[in-house]
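Beneath this line is the structure, given in structure tokens, with notes to follow.
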Amino acid sequence: MIEVLCNIHLGKKVRVKCSTDDSEEDLKKLIVAQADTCWNKIVLKKRYTIFKDHVTLGDYEIHDGKNLELYYPIPKSVPLFSF
């Protein structure tokens with residue numbers, strides 16, 4: 001079992017215990033249980049690497065105490081500014 005710290009860019013940090021054999025999708029589902037959002041609407045990143053859902057944590061070399069960043073992507077169909 002490892003513990004992963006996820007920084008949500010709305011001012012909240014979430015600690016999740018999981019296994020290195022779990023996929024990113026499993027990790028997202030554990031995170032959203034504490035973050036009150038939908039798992040398929042979030043993106044997990046570490047610096048410039050965007051994690052794919054089907055790859056395991058061990059393949060990304062995510063170990064105990066690793067910090068990840070959670071983002072809500074902006075859909076391309078929504079205009080950022082309206083004049």
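Every number here is computed from the coordinates shown, using simple stated rules; none is lab data. These figures come from a predicted structure and were not determined experimentally. Counting neighbours? That spans all protein chains shown, and the Cβs are built from the backbone with ideal geometry, glycine included.
Observations
- In the stretch 34-74, residue farthest from Leu10 (Cα to Cα) [restricted to those that are free of Cβ contacts under 8 Å to residues at least 40 places away in the same chain, charged (D, E, K, R) and part of a loop (DSSP other than H, G, I, E, B)]: Asp59
- For the stretch 20-33, the set of residues classified as among the hydrophobic types (A, V, I, L, M, F, W, C) and either loosely packed, with under 11 Cβ neighbours inside 10 Å or in contact (Cβ under 8 Å) with a residue 12 or more places away in the chain (or both) consists of Leu27, Leu30, Ile31, listed by residue number.
- Qualifying residue in the stretch 4-19 (condition: surrounded by 17 or more Cβ atoms within 10 Å (Cβ to Cβ), in contact with a Lys or Arg (Cβ under 8 Å, 6 or more places away or on another chain) and of a type in the set (A, V, I, L, M, F, W, C)): yes
- Looking across the stretch 35-72, the residues that are surrounded by fewer than 16 Cβ atoms within 10 Å (Cβ to Cβ), touching a helix residue (DSSP H, G or I) at 6+ places or on another chain (Cβ under 8 Å) and among the hydrophobic types (A, V, I, L, M, F, W, C) come down to Cys38, Val55.
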